[in-house]
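See below for the structure under consideration.
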Amino acid sequence: MNMYEIILKSKHGEKLSDEEIKWLVKDYVDGTIPDYQVSAWLMAVNLNSMSDEETLCLTMAMKDSGGTVDLSGIDGVTVDKHSTGGVGDKTSLIIGPIAAACGVRVPKMSGKGLGHTGGTIDKLESIPGCSTHLEFDDFIALVNSTGFSIVSQSGDLVPADKKLYALRDATATVDSIPLICSSIMSKKLAMGADCILLDVKTGSGAFMKTPEDAEKLASLMVRTGVNAGKKCMAVITDMDIPLGKAVGNTLEVIEAAEVLKGNAKERLYDLCIELAADMIMMAGKGTKEECVKLAEEAVSSGRALEVFEKSIAGQGGDVSFIDNYDLLGKATTEYEVLSPSDGYIAGINSEEIGLVSLELGAGRRTKESAIDYTAGVILEKEYGDFVKKGDKLFTLYTSGKCDLKAIADKAAAAVTFSSVQPPHRDTVIKIVG
Ligand code: URA
(Lines give C-alpha, C1' and ligand atoms only; values in the text may rest on other atoms or scores of the structure.)
Protein backbone atom coordinates (compact mmCIF):
# COMPACT_ATOMS: atom_id res chain seq x y z
CA MET A 1 0.00 0.00 0.00
CA ASN A 2 1.09 3.51 -0.71
CA MET A 3 -0.16 6.55 1.21
CA TYR A 4 0.67 8.90 -1.66
CA GLU A 5 -1.72 6.98 -3.95
CA ILE A 6 -4.43 6.93 -1.28
CA ILE A 7 -4.20 10.72 -0.91
CA LEU A 8 -4.35 11.06 -4.70
CA LYS A 9 -7.47 8.85 -4.92
CA SER A 10 -9.29 10.79 -2.20
CA LYS A 11 -8.19 14.06 -3.77
CA HIS A 12 -9.88 12.98 -7.03
CA GLY A 13 -12.99 11.75 -5.19
CA GLU A 14 -12.24 8.10 -6.02
CA LYS A 15 -13.41 5.39 -3.65
CA LEU A 16 -10.87 3.71 -1.39
CA SER A 17 -10.96 -0.07 -0.97
CA ASP A 18 -11.58 -1.67 2.44
CA GLU A 19 -7.95 -2.86 2.45
CA GLU A 20 -6.64 0.64 1.84
CA ILE A 21 -8.74 2.12 4.68
CA LYS A 22 -7.79 -0.64 7.14
CA TRP A 23 -4.11 -0.28 6.22
CA LEU A 24 -4.24 3.52 6.63
CA VAL A 25 -5.78 3.32 10.10
CA LYS A 26 -3.50 0.53 11.33
CA ASP A 27 -0.28 2.04 10.02
CA TYR A 28 -1.19 5.52 11.25
CA VAL A 29 -1.84 4.22 14.77
CA ASP A 30 1.43 2.24 14.62
CA GLY A 31 3.28 5.44 13.70
CA THR A 32 4.35 4.17 10.25
CA ILE A 33 2.43 6.82 8.30
CA PRO A 34 3.43 10.37 9.22
CA ASP A 35 1.01 13.09 10.36
CA TYR A 36 1.65 15.23 7.28
CA GLN A 37 0.36 12.55 4.91
CA VAL A 38 -2.71 11.78 7.04
CA SER A 39 -3.37 15.53 7.32
CA ALA A 40 -3.42 15.79 3.53
CA TRP A 41 -5.78 12.80 3.31
CA LEU A 42 -8.10 14.27 5.96
CA MET A 43 -8.33 17.50 3.97
CA ALA A 44 -9.16 15.54 0.80
CA VAL A 45 -11.95 13.73 2.70
CA ASN A 46 -13.12 17.02 4.19
CA LEU A 47 -13.45 18.51 0.71
CA ASN A 48 -14.72 15.47 -1.25
CA SER A 49 -16.53 13.47 1.46
CA MET A 50 -16.66 9.64 1.44
CA SER A 51 -19.19 6.99 0.46
CA ASP A 52 -21.30 5.13 3.07
CA GLU A 53 -19.19 2.00 2.48
CA GLU A 54 -15.95 3.88 3.06
CA THR A 55 -17.39 5.52 6.20
CA LEU A 56 -18.52 2.15 7.60
CA CYS A 57 -15.13 0.62 6.85
CA LEU A 58 -13.29 3.58 8.46
CA THR A 59 -15.58 3.35 11.51
CA MET A 60 -14.95 -0.40 11.95
CA ALA A 61 -11.18 -0.03 11.39
CA MET A 62 -11.08 2.73 14.02
CA LYS A 63 -13.18 0.66 16.44
CA ASP A 64 -10.80 -2.30 15.95
CA SER A 65 -7.71 -0.15 16.57
CA GLY A 66 -7.91 -0.80 20.33
CA GLY A 67 -9.82 -2.69 22.98
CA THR A 68 -13.59 -2.99 23.14
CA VAL A 69 -15.86 -3.08 26.18
CA ASP A 70 -17.47 -6.38 27.16
CA LEU A 71 -20.91 -5.58 28.54
CA SER A 72 -22.01 -9.23 28.66
CA GLY A 73 -21.91 -9.09 32.48
CA ILE A 74 -24.86 -6.67 32.43
CA ASP A 75 -28.22 -8.18 33.02
CA GLY A 76 -30.78 -6.72 30.55
CA VAL A 77 -30.89 -4.55 27.44
CA THR A 78 -28.15 -1.91 27.35
CA VAL A 79 -28.74 1.49 25.75
CA ASP A 80 -26.00 4.04 25.15
CA LYS A 81 -26.74 7.66 24.37
CA HIS A 82 -24.48 10.17 22.70
CA SER A 83 -24.83 13.88 22.15
CA THR A 84 -22.76 15.56 19.44
CA GLY A 85 -22.02 18.29 21.98
CA GLY A 86 -23.59 21.54 22.99
CA VAL A 87 -23.88 24.33 25.52
CA GLY A 88 -25.72 23.61 28.77
CA ASP A 89 -26.30 20.01 27.68
CA LYS A 90 -26.71 18.08 30.91
CA THR A 91 -29.21 15.58 29.49
CA SER A 92 -27.02 12.51 30.16
CA LEU A 93 -27.21 13.17 33.92
CA ILE A 94 -31.01 13.23 33.69
CA ILE A 95 -32.10 10.74 31.06
CA GLY A 96 -29.75 7.95 32.21
CA PRO A 97 -31.44 7.81 35.65
CA ILE A 98 -34.93 8.16 34.11
CA ALA A 99 -34.35 5.29 31.66
CA ALA A 100 -32.68 3.18 34.38
CA ALA A 101 -35.68 3.74 36.66
CA CYS A 102 -37.77 2.19 33.87
CA GLY A 103 -35.65 -0.98 33.68
CA VAL A 104 -33.14 0.05 30.98
CA ARG A 105 -29.43 -0.57 31.61
CA VAL A 106 -27.40 2.55 30.88
CA PRO A 107 -23.62 1.95 30.98
CA LYS A 108 -21.95 5.05 29.64
CA MET A 109 -18.41 6.14 28.98
CA SER A 110 -17.97 9.81 28.36
CA GLY A 111 -15.36 12.46 27.72
CA LYS A 112 -14.19 15.74 29.17
CA GLY A 113 -15.32 19.02 27.65
CA LEU A 114 -13.12 20.92 25.23
CA GLY A 115 -13.61 24.46 23.93
CA HIS A 116 -17.06 26.00 24.24
CA THR A 117 -18.90 22.69 24.84
CA GLY A 118 -19.15 21.08 28.27
CA GLY A 119 -18.32 17.47 29.12
CA THR A 120 -20.39 15.10 31.25
CA ILE A 121 -17.27 13.83 33.05
CA ASP A 122 -16.44 17.35 34.26
CA LYS A 123 -19.97 17.82 35.56
CA LEU A 124 -19.78 14.54 37.49
CA GLU A 125 -16.32 15.31 38.86
CA SER A 126 -17.64 18.64 40.19
CA ILE A 127 -19.59 16.59 42.77
CA PRO A 128 -17.38 16.16 45.89
CA GLY A 129 -15.90 12.66 46.02
CA CYS A 130 -17.43 11.48 42.73
CA SER A 131 -14.93 9.44 40.75
CA THR A 132 -15.31 8.62 37.07
CA HIS A 133 -12.44 6.11 37.15
CA LEU A 134 -14.04 2.90 38.39
CA GLU A 135 -12.57 -0.57 38.12
CA PHE A 136 -14.35 -2.26 35.23
CA ASP A 137 -16.01 -4.90 37.46
CA ASP A 138 -17.27 -2.15 39.80
CA PHE A 139 -18.72 -0.27 36.82
CA ILE A 140 -20.61 -3.38 35.66
CA ALA A 141 -21.79 -4.11 39.24
CA LEU A 142 -23.04 -0.51 39.61
CA VAL A 143 -25.00 -0.74 36.34
CA ASN A 144 -26.49 -4.05 37.49
CA SER A 145 -27.51 -2.64 40.86
CA THR A 146 -28.68 0.89 39.93
CA GLY A 147 -29.16 0.65 36.15
CA PHE A 148 -26.89 3.62 35.44
CA SER A 149 -23.27 4.69 35.62
CA ILE A 150 -21.11 7.15 33.70
CA VAL A 151 -17.34 6.73 33.76
CA SER A 152 -14.39 8.17 31.84
CA GLN A 153 -13.65 6.54 28.55
CA SER A 154 -11.07 3.80 29.07
CA GLY A 155 -7.60 4.61 27.79
CA ASP A 156 -7.26 1.76 25.28
CA LEU A 157 -10.58 2.42 23.53
CA VAL A 158 -10.26 3.57 19.89
CA PRO A 159 -6.67 4.93 19.90
CA ALA A 160 -7.16 5.76 16.21
CA ASP A 161 -9.73 8.38 17.16
CA LYS A 162 -7.42 9.99 19.72
CA LYS A 163 -4.70 10.44 17.07
CA LEU A 164 -7.03 11.38 14.22
CA TYR A 165 -9.12 13.80 16.30
CA ALA A 166 -6.01 15.65 17.53
CA LEU A 167 -4.84 15.93 13.93
CA ARG A 168 -8.27 17.10 12.70
CA ASP A 169 -8.35 19.69 15.45
CA ALA A 170 -5.01 21.09 14.27
CA THR A 171 -5.77 20.95 10.53
CA ALA A 172 -9.29 22.46 10.38
CA THR A 173 -10.80 19.15 9.34
CA VAL A 174 -13.16 18.51 12.26
CA ASP A 175 -16.31 19.58 10.42
CA SER A 176 -16.52 16.69 7.96
CA ILE A 177 -19.68 14.59 8.19
CA PRO A 178 -18.03 11.17 7.47
CA LEU A 179 -15.12 11.98 9.80
CA ILE A 180 -17.44 13.03 12.65
CA CYS A 181 -19.56 9.93 12.01
CA SER A 182 -16.59 7.54 12.12
CA SER A 183 -15.16 9.28 15.20
CA ILE A 184 -18.39 9.04 17.19
CA MET A 185 -19.62 5.68 15.93
CA SER A 186 -16.26 3.91 16.38
CA LYS A 187 -16.41 4.86 20.08
CA LYS A 188 -20.09 3.90 20.41
CA LEU A 189 -19.50 0.53 18.73
CA ALA A 190 -16.42 -0.15 20.89
CA MET A 191 -18.62 0.52 23.91
CA GLY A 192 -20.75 -2.44 22.86
CA ALA A 193 -24.28 -1.45 24.00
CA ASP A 194 -27.23 -3.19 22.31
CA CYS A 195 -28.89 0.09 21.28
CA ILE A 196 -27.52 3.55 20.51
CA LEU A 197 -29.49 6.80 20.77
CA LEU A 198 -27.82 9.78 19.10
CA ASP A 199 -28.73 13.35 19.99
CA VAL A 200 -27.48 15.36 17.01
CA LYS A 201 -27.38 19.04 17.87
CA THR A 202 -27.86 21.79 15.32
CA GLY A 203 -27.46 25.56 15.55
CA SER A 204 -24.93 28.14 16.67
CA GLY A 205 -23.50 26.05 19.54
CA ALA A 206 -23.23 22.82 17.54
CA PHE A 207 -20.84 21.31 15.00
CA MET A 208 -23.71 21.12 12.53
CA LYS A 209 -24.88 24.68 12.04
CA THR A 210 -27.90 23.83 9.85
CA PRO A 211 -30.70 21.26 10.30
CA GLU A 212 -29.89 19.93 6.80
CA ASP A 213 -26.29 19.09 7.76
CA ALA A 214 -27.48 17.69 11.10
CA GLU A 215 -29.85 15.40 9.22
CA LYS A 216 -27.07 14.24 6.87
CA LEU A 217 -24.87 13.41 9.89
CA ALA A 218 -27.74 11.77 11.78
CA SER A 219 -28.74 9.57 8.82
CA LEU A 220 -25.15 8.54 8.17
CA MET A 221 -24.58 7.64 11.82
CA VAL A 222 -27.83 5.67 12.00
CA ARG A 223 -26.99 3.78 8.76
CA THR A 224 -23.50 3.07 10.09
CA GLY A 225 -24.87 1.82 13.43
CA VAL A 226 -27.49 -0.36 11.76
CA ASN A 227 -24.94 -1.75 9.27
CA ALA A 228 -22.76 -2.63 12.25
CA GLY A 229 -25.66 -4.65 13.69
CA LYS A 230 -26.99 -2.22 16.31
CA LYS A 231 -30.43 -0.82 17.01
CA CYS A 232 -29.80 2.85 16.36
CA MET A 233 -31.81 6.04 16.08
CA ALA A 234 -31.08 9.76 16.13
CA VAL A 235 -32.94 12.81 17.33
CA ILE A 236 -32.00 16.17 15.82
CA THR A 237 -32.31 18.86 18.49
CA ASP A 238 -32.00 22.61 18.66
CA MET A 239 -28.70 24.03 19.95
CA ASP A 240 -29.14 27.51 18.52
CA ILE A 241 -29.95 28.62 22.07
CA PRO A 242 -28.42 27.03 25.20
CA LEU A 243 -30.26 24.08 26.71
CA GLY A 244 -31.81 24.98 30.06
CA LYS A 245 -30.88 27.86 32.32
CA ALA A 246 -27.45 26.75 33.55
CA VAL A 247 -24.09 26.55 31.76
CA GLY A 248 -21.08 25.43 33.82
CA ASN A 249 -20.35 22.33 35.84
CA THR A 250 -21.84 22.65 39.36
CA LEU A 251 -24.57 24.94 38.01
CA GLU A 252 -25.60 22.21 35.56
CA VAL A 253 -25.49 19.48 38.22
CA ILE A 254 -27.92 21.58 40.30
CA GLU A 255 -30.20 22.06 37.30
CA ALA A 256 -30.11 18.32 36.57
CA ALA A 257 -31.08 17.59 40.18
CA GLU A 258 -33.94 20.10 39.93
CA VAL A 259 -35.27 18.37 36.79
CA LEU A 260 -35.03 14.97 38.49
CA LYS A 261 -36.89 16.37 41.50
CA GLY A 262 -39.68 17.45 39.13
CA ASN A 263 -39.11 21.13 39.95
CA ALA A 264 -38.12 22.30 36.47
CA LYS A 265 -40.74 21.42 33.86
CA GLU A 266 -39.58 23.47 30.92
CA ARG A 267 -37.77 22.96 27.62
CA LEU A 268 -34.99 20.89 29.22
CA TYR A 269 -37.49 18.63 31.02
CA ASP A 270 -39.48 18.10 27.81
CA LEU A 271 -36.35 17.14 25.88
CA CYS A 272 -35.22 14.77 28.63
CA ILE A 273 -38.60 13.03 28.68
CA GLU A 274 -38.47 12.69 24.89
CA LEU A 275 -34.92 11.27 24.84
CA ALA A 276 -35.48 9.00 27.85
CA ALA A 277 -38.69 7.70 26.24
CA ASP A 278 -36.69 6.88 23.08
CA MET A 279 -34.19 4.91 25.17
CA ILE A 280 -36.97 3.06 26.99
CA MET A 281 -38.68 2.31 23.67
CA MET A 282 -35.43 1.04 22.11
CA ALA A 283 -35.09 -1.33 25.06
CA GLY A 284 -38.48 -2.78 24.07
CA LYS A 285 -40.54 -1.50 26.99
CA GLY A 286 -43.49 -0.20 24.94
CA THR A 287 -44.69 2.23 22.30
CA LYS A 288 -43.38 5.80 22.28
CA GLU A 289 -46.54 7.08 24.00
CA GLU A 290 -46.28 4.40 26.70
CA CYS A 291 -42.59 5.15 27.20
CA VAL A 292 -43.26 8.90 27.54
CA LYS A 293 -45.68 8.06 30.37
CA LEU A 294 -43.13 5.71 31.97
CA ALA A 295 -40.47 8.44 31.81
CA GLU A 296 -42.78 11.07 33.32
CA GLU A 297 -43.78 8.69 36.08
CA ALA A 298 -40.13 7.89 36.86
CA VAL A 299 -39.62 11.60 37.62
CA SER A 300 -42.89 12.29 39.44
CA SER A 301 -42.48 9.22 41.67
CA GLY A 302 -38.92 10.20 42.65
CA ARG A 303 -37.52 6.90 41.32
CA ALA A 304 -35.24 8.60 38.77
CA LEU A 305 -33.78 10.84 41.48
CA GLU A 306 -33.21 7.75 43.63
CA VAL A 307 -31.25 6.08 40.78
CA PHE A 308 -29.17 9.26 40.36
CA GLU A 309 -28.37 9.36 44.09
CA LYS A 310 -27.47 5.67 44.28
CA SER A 311 -25.30 5.83 41.19
CA ILE A 312 -23.41 8.95 42.33
CA ALA A 313 -22.95 7.42 45.79
CA GLY A 314 -21.72 4.20 44.10
CA GLN A 315 -19.02 6.31 42.42
CA GLY A 316 -17.96 7.75 45.78
CA GLY A 317 -19.92 11.02 45.48
CA ASP A 318 -21.33 12.80 48.50
CA VAL A 319 -25.04 13.00 47.66
CA SER A 320 -25.94 15.29 50.53
CA PHE A 321 -25.63 18.14 48.01
CA ILE A 322 -29.05 17.11 46.68
CA ASP A 323 -30.64 18.67 49.78
CA ASN A 324 -28.13 21.50 50.10
CA TYR A 325 -26.61 22.78 46.85
CA ASP A 326 -24.12 24.96 48.77
CA LEU A 327 -22.18 21.75 49.47
CA LEU A 328 -21.09 21.73 45.82
CA GLY A 329 -19.07 24.89 46.48
CA LYS A 330 -19.97 28.41 45.45
CA ALA A 331 -18.22 30.83 43.15
CA THR A 332 -16.47 33.66 44.98
CA THR A 333 -17.71 36.26 42.49
CA GLU A 334 -21.15 36.90 40.97
CA TYR A 335 -21.79 39.51 38.30
CA GLU A 336 -25.12 40.60 36.85
CA VAL A 337 -25.51 41.29 33.14
CA LEU A 338 -28.30 43.77 32.49
CA SER A 339 -30.36 44.20 29.36
CA PRO A 340 -29.14 47.09 27.15
CA SER A 341 -32.64 47.56 25.66
CA ASP A 342 -36.34 46.75 25.78
CA GLY A 343 -37.68 43.92 23.64
CA TYR A 344 -38.48 40.25 23.21
CA ILE A 345 -35.55 37.86 23.39
CA ALA A 346 -35.38 36.47 19.86
CA GLY A 347 -32.04 34.66 20.15
CA ILE A 348 -29.30 33.71 22.63
CA ASN A 349 -26.25 32.60 20.66
CA SER A 350 -25.19 29.28 22.20
CA GLU A 351 -21.63 29.34 20.98
CA GLU A 352 -21.08 32.82 22.45
CA ILE A 353 -22.55 31.76 25.81
CA GLY A 354 -20.32 28.66 25.72
CA LEU A 355 -17.32 30.93 25.15
CA VAL A 356 -18.43 33.25 27.98
CA SER A 357 -18.59 30.23 30.28
CA LEU A 358 -15.12 29.14 29.07
CA GLU A 359 -13.69 32.59 29.83
CA LEU A 360 -15.20 32.48 33.31
CA GLY A 361 -13.18 29.29 33.89
CA ALA A 362 -15.82 26.58 33.37
CA GLY A 363 -14.16 25.01 30.34
CA ARG A 364 -10.83 24.05 28.84
CA ARG A 365 -8.93 25.82 26.09
CA THR A 366 -6.52 22.87 25.84
CA LYS A 367 -6.84 19.29 27.08
CA GLU A 368 -4.49 20.11 29.97
CA SER A 369 -6.30 23.25 31.24
CA ALA A 370 -7.68 23.19 34.79
CA ILE A 371 -11.38 23.84 35.38
CA ASP A 372 -13.19 26.07 37.87
CA TYR A 373 -16.20 23.88 38.66
CA THR A 374 -18.10 26.77 40.25
CA ALA A 375 -17.81 28.98 37.14
CA GLY A 376 -20.56 29.48 34.60
CA VAL A 377 -23.63 31.37 33.54
CA ILE A 378 -27.24 31.37 34.67
CA LEU A 379 -29.68 32.53 32.01
CA GLU A 380 -32.15 34.67 33.91
CA LYS A 381 -34.41 35.10 30.87
CA GLU A 382 -35.52 32.72 28.17
CA TYR A 383 -36.07 32.84 24.44
CA GLY A 384 -39.40 34.63 23.85
CA ASP A 385 -39.40 36.56 27.17
CA PHE A 386 -40.05 40.31 27.11
CA VAL A 387 -37.39 42.34 28.93
CA LYS A 388 -37.01 45.99 29.85
CA LYS A 389 -33.72 47.90 29.67
CA GLY A 390 -31.86 47.21 32.93
CA ASP A 391 -33.54 43.82 33.60
CA LYS A 392 -31.19 41.02 34.58
CA LEU A 393 -30.27 38.85 31.54
CA PHE A 394 -27.57 36.63 33.02
CA THR A 395 -25.66 36.06 36.24
CA LEU A 396 -22.00 35.22 35.73
CA TYR A 397 -20.14 33.10 38.29
CA THR A 398 -16.40 32.62 38.74
CA SER A 399 -13.87 31.87 41.44
CA GLY A 400 -10.97 32.99 39.26
CA LYS A 401 -9.59 36.26 38.01
CA CYS A 402 -11.06 37.53 34.75
CA ASP A 403 -12.19 40.72 33.08
CA LEU A 404 -15.84 40.49 34.14
CA LYS A 405 -16.89 43.69 32.41
CA ALA A 406 -15.59 42.49 29.03
CA ILE A 407 -17.14 39.04 29.56
CA ALA A 408 -20.47 40.63 30.54
CA ASP A 409 -20.44 42.71 27.34
CA LYS A 410 -19.84 39.55 25.34
CA ALA A 411 -22.77 37.83 27.10
CA ALA A 412 -25.09 40.79 26.44
CA ALA A 413 -24.01 40.83 22.78
CA ALA A 414 -25.08 37.17 22.46
CA VAL A 415 -28.71 38.22 22.86
CA THR A 416 -30.84 39.33 19.90
CA PHE A 417 -33.85 41.53 20.65
CA SER A 418 -37.03 41.92 18.66
CA SER A 419 -39.97 44.30 18.93
CA VAL A 420 -42.35 41.42 18.18
CA GLN A 421 -42.81 38.08 19.94
CA PRO A 422 -40.51 35.59 18.15
CA PRO A 423 -42.02 32.34 16.80
CA HIS A 424 -42.19 29.23 18.98
CA ARG A 425 -39.15 26.99 18.47
CA ASP A 426 -39.20 23.21 18.73
CA THR A 427 -36.45 21.54 20.72
CA VAL A 428 -36.83 18.30 18.79
CA ILE A 429 -36.46 19.11 15.11
CA LYS A 430 -36.57 15.64 13.58
CA ILE A 431 -36.29 11.94 14.41
CA VAL A 432 -34.12 9.80 12.15
CA GLY A 433 -34.27 6.01 12.07
N1 URA B 1 -17.43 14.37 18.80
C2 URA B 1 -16.59 13.35 18.54
O3 URA B 1 -16.41 12.45 19.35
N4 URA B 1 -15.95 13.33 17.35
C5 URA B 1 -16.12 14.29 16.42
O6 URA B 1 -15.52 14.21 15.36
C7 URA B 1 -17.00 15.35 16.71
C8 URA B 1 -17.65 15.36 17.91
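The values are calculated or read from the model by the stated rules, or taken from the named source; none is laboratory data. Remember, predicted model here, so these are calculated numbers, not experimental data. Counting neighbours? That spans all protein chains shown, and the Cβs are built from the backbone with ideal geometry, glycine included. For accessibility, only protein heavy atoms count, side chains too; no ligands or nucleic acids. Shrake-Rupley method; radii C 1.70, N 1.55, O 1.52, S 1.80 Å.
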Of G314, G361, the only residue that is out of contact with any Phe, Trp or Tyr (no Cβ under 6 Å at 6 or more places or on another chain) and open to solvent by less than 30 Å² (accessible area, probe 1.4 Å) is G361
Residue tally, condition without any contact (Cβ under 8 Å) to a residue 12 or more places away in the chain and in contact with a Phe, Trp or Tyr (Cβ under 7 Å, 6 or more places away or on another chain), over region 71-100: 0
Index of the failed condition, D122 passing every other in (1) open to solvent by less than 10 Å² (accessible area, probe 1.4 Å); (2) within 30 Å of D35 (Cβ to Cβ); (3) modelled with pLDDT of 95 or more: (3)
Note on region 200-215: residues open to solvent by 10 Å² or more (accessible area, probe 1.4 Å), within 14 Å of the ligand (Cβ to nearest atom) and at pLDDT 95 or above are D213
Can you tell which of G103, G113, G76 is assigned to a loop (DSSP other than H, G, I, E, B) and either under 29 Å from V356 (Cα atoms) or touching a Cys at 6+ places or on another chain (Cβ under 8 Å) (or both)? G113
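Filter the helices (runs of 4 or more DSSP H) completely within region 8-66 down to those with at least 3 residues that are more than 25 Å from the chain's Cα centre (by Cα) and within 18 Å of K163 (Cβ to Cβ).
Details: elements: 18-30, 35-48, 52-63.
Because the criterion is at least 3 residues that are more than 25 Å from the chain's Cα centre (by Cα) and within 18 Å of K163 (Cβ to Cβ), the helices (runs of 4 or more DSSP H) in region 8-66 that meet it are 18-30, 35-48.
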Check whether at least one residue in region 334-352 is modelled with pLDDT of 95 or more, among the β-branched types (V, I, T) and part of a helix (DSSP H, G or I), and report yes or no. no
Flag for S131 being in the same structural domain as V106 (by TED's automatic domain parsing), more than 16 Å from the ligand (Cβ to nearest atom) and either polar (S, T, N, Q) or not in a helix (DSSP H, G or I) (or both): yes
Any residue at all in region 34-41 that's of a type in the set (V, I, T), surrounded by fewer than 18 Cβ atoms within 10 Å (Cβ to Cβ) and on the phi < 0 side of the Ramachandran plot? no
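Here is a yes/no grid of residues against (1) assigned by TED's automatic domain parsing to the domain that holds S399; (2) in contact (Cβ under 8 Å) with a residue 60 or more places away in the chain; (3) within 16 Å of the ligand (Cβ to nearest atom):
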site: T237; (1), (2), (3): no, yes, yes
site: E258; (1), (2), (3): no, no, no
site: L271; (1), (2), (3): no, yes, no
site: G286; (1), (2), (3): no, no, no
Residue identified as surrounded by fewer than 21 Cβ atoms within 10 Å (Cβ to Cβ) and either assigned to a loop (DSSP other than H, G, I, E, B) or not basic (K, R) (or both) among V222, V174, V151: V174
Do you know which residues across region 317-332 are within 23 Å of the chain's Cα centre (by Cα) and either open to solvent by 40 Å² or more (accessible area, probe 1.4 Å) or under 15 Å from G96 (Cβ atoms) (or both)? G317
A careful count of residues in region 95-119 that are within 12 Å of the ligand (Cβ to nearest atom) and modelled with pLDDT under 90 gives 7
I'd like the full set of residues that are of a type outside the set (S, T, Y) and within 10 Å of the ligand (Cβ to nearest atom), limited to region 182-199. I184, M185, K187, K188
Complete set of residues in region 157-171 that are part of a loop (DSSP other than H, G, I, E, B) and either within 12 Å of the ligand (Cβ to nearest atom) or touching a Phe, Trp or Tyr at 6+ places or on another chain (Cβ under 7 Å) (or both): V158
If you go through D169, D213, the only one that is of a type in the set (D, E, K, R), without any contact (Cβ under 8 Å) to a residue 12 or more places away in the chain and over 24 Å from T78 (Cα atoms) is D169
Pairs please, first residue from region 341-368 and among the acidic types (D, E), second anywhere and in a helix (DSSP H, G or I), Cβ atoms under 6 Å, 6+ apart in sequence or on different chains. E359/I407
Please determine, by comparing only the residues of region 70-91 that are within 16 Å of the ligand (Cβ to nearest atom) and open to solvent by 10 Å² or more (accessible area, probe 1.4 Å), which one is farthest from V222 (Cα to Cα). D89
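How about region 299-312: which of its residues are of a type outside the set (D, E, K, R) and within 23 Å of the chain's Cα centre (by Cα)? Quick ask: steps written out before the conclusion?
The initial filter retains those residues of region 299-312 that are of a type outside the set (D, E, K, R), namely 299-302, 304-305, 307-308, 311-312.
Once the filter is applied, which keeps residues that are of a type outside the set (D, E, K, R) and within 23 Å of the chain's Cα centre (by Cα), region 299-312 yields V299, A304, L305, V307, F308, S311, I312.
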Any residue at all in region 285-302 that's part of a loop (DSSP other than H, G, I, E, B) and buried (at least 19 other Cβ atoms within 10 Å of the Cβ)? no
